[in-house]
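To keep things clear, I will list the structure first and then write my remarks on it.
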Amino acid sequence: MQEVYPYKILFVEDEEATRKNYVTYLKMLFSEVYEAEDGEKAYQLYKEKKPDILILDVNIPKLNGLELLEKIRKNDYTTKAIMFTAHSDQSFLLKAVSLQLTRYLVKPVSRKDLKEALDIAIDELLKYSVTPIKKIDLKENYSWSMELKELKHHNTLIELTSKERILLSLLFSYKNRVFSYDDIFEYVWGYNEEISLNGLKNMIKRLRKKLPEDTIINVFNEGYKINF
């Protein structure tokens, strides 16, 4: 029998048939599952039920998925979030990473892909400490703004490319978490661009020149994590 996890889920999707299908599946996995068809109702349910995991579509009425999560993230960096999207453009990714998504999944989303994302969310709930602060102070008077996604040294802005900014946003989002190469490829380049491991290593090399020594740590055969 499938283990039923003791977590509360809020699923937000405006298409009723799709929502009912996923909710039926989620009730097989979790002890409490709630549903909403728009952002405003979802926010009310969020306040009432305090879910552990949010699953939300970007394109929902009243408050879209990003607006809803942005509102929640003003005071809550603990609730895990998985977002469904029909696209993977850079502006979406940059915004999504700053809101500390566990995963974004490009529609149509299979049950297998959703289950893998949920397993990661559960793992995060059990293992990782989230960074709720808006500014992270680093060695040698460097700092990273979680809110503005800006790197500074002695209050002087350090120039970053858009992909460098997305990568740093991802790495800084969870203290002590090792992000796998696949995690990084998916978040920084999405599904529409190809990138080699050497390409990633070159970006890391450039970023290390802009940061204090030993800020970005390579974990052999696994990926990268931030050291702060």
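Each value in this text was obtained by applying a stated rule to the coordinates, not by laboratory testing. What you see is a predicted model, and the numbers here were worked out from it, not measured in a lab. In this analysis, Cβ positions are derived from the backbone assuming ideal geometry, glycine residues included, and neighbour counts consider all displayed protein chains.
For the stretch 5-127, the convex hull spanned by the alpha carbon atoms encloses 96 Å³ per residue. Toward the positive end of the charge dipole of the stretch 131-226, with +1 on the Cβ of Lys and Arg and -1 on the Cβ of Asp and Glu, the farthest Cα among 217, 142, 178 is that of 142. Computed over the stretch 97-168, the range of Cα coordinates on each principal axis works out to 48, 27, 15 Å, biggest value leading.
If we count GluC sites (Glu not before Pro) as exposed when they sit in a DSSP loop and have at most 15 other beta carbons within 10 Å, what is the longest stretch of the chain that avoids them all?
Details: sites that count: 3, 15, 147, 159, 193, 194, 213, 222.
Longest stretch, sites excluded: 16-146.
Straight-line cross-link reach from residue 62 at under 13 Å between alpha-carbon atoms covers these aspartates and glutamates, not counting any fewer than eight positions away in the same chain: 13, 14, 37, 38, 40.
Restricting the stretch 176-221 to chymotrypsin sites (Phe, Trp or Tyr not before Pro) that sit in a DSSP loop and have at most 16 other Cβ atoms within 10 Å of their own Cβ leaves 191, 220. Between 148, 56, 168, find the one with the highest GNM mean-square fluctuation for the chain; connect C-alpha pairs within less than 10 Å. Looking only at 148, 56, 168, the largest GNM fluctuation is found for 148. Per DSSP helix of 4 or more residues, -39500 (n - 2.57); summed, then divided by the residues of the chain. What does that give at 222 nm, rounded to the nearest 500? Estimated from H runs of four or more residues: -11000 deg cm²/dmol. A straight Cα-to-Cα reach below 16 Å connects residue 152 with the lysines 134, 135, 139, 209, 210, residues fewer than 8 places away in its own chain not being considered.
Potential lengthening of the chain between residue 154 and residue 110 amounts to 11.1 nm, from the contour at 0.36 nm per residue minus the alpha-carbon distance. With 27 Å as the limit, write out which pairs from 8/74; 50/225; 27/127; 20/41; 74/225; 27/112 have Cα-Cα distances beyond it, or answer none. With Cα atoms farther than 27 Å apart: 50/225. If R0 is taken as 45 Å, the Cβ-Cβ distance between residue 78 and residue 221 corresponds to a FRET efficiency of 0.90.
Residue separation times 0.36 nm, minus the C-alpha to C-alpha distance between residue 70 and residue 17: what's the value? Each step should come with its number before you reach the end.
Numbers: separation 53, 0.36 × 53 = 19.08 nm, distance 2.66 nm.
This chain segment gains 16.4 nm when fully extended.
The alpha carbons of the chain stretch over 50, 33, 30 Å along the principal axes, in descending order. Between residue 25 and residue 120, the FRET efficiency from the beta-carbon distance, with R0 = 22 Å, is close to 0.80.
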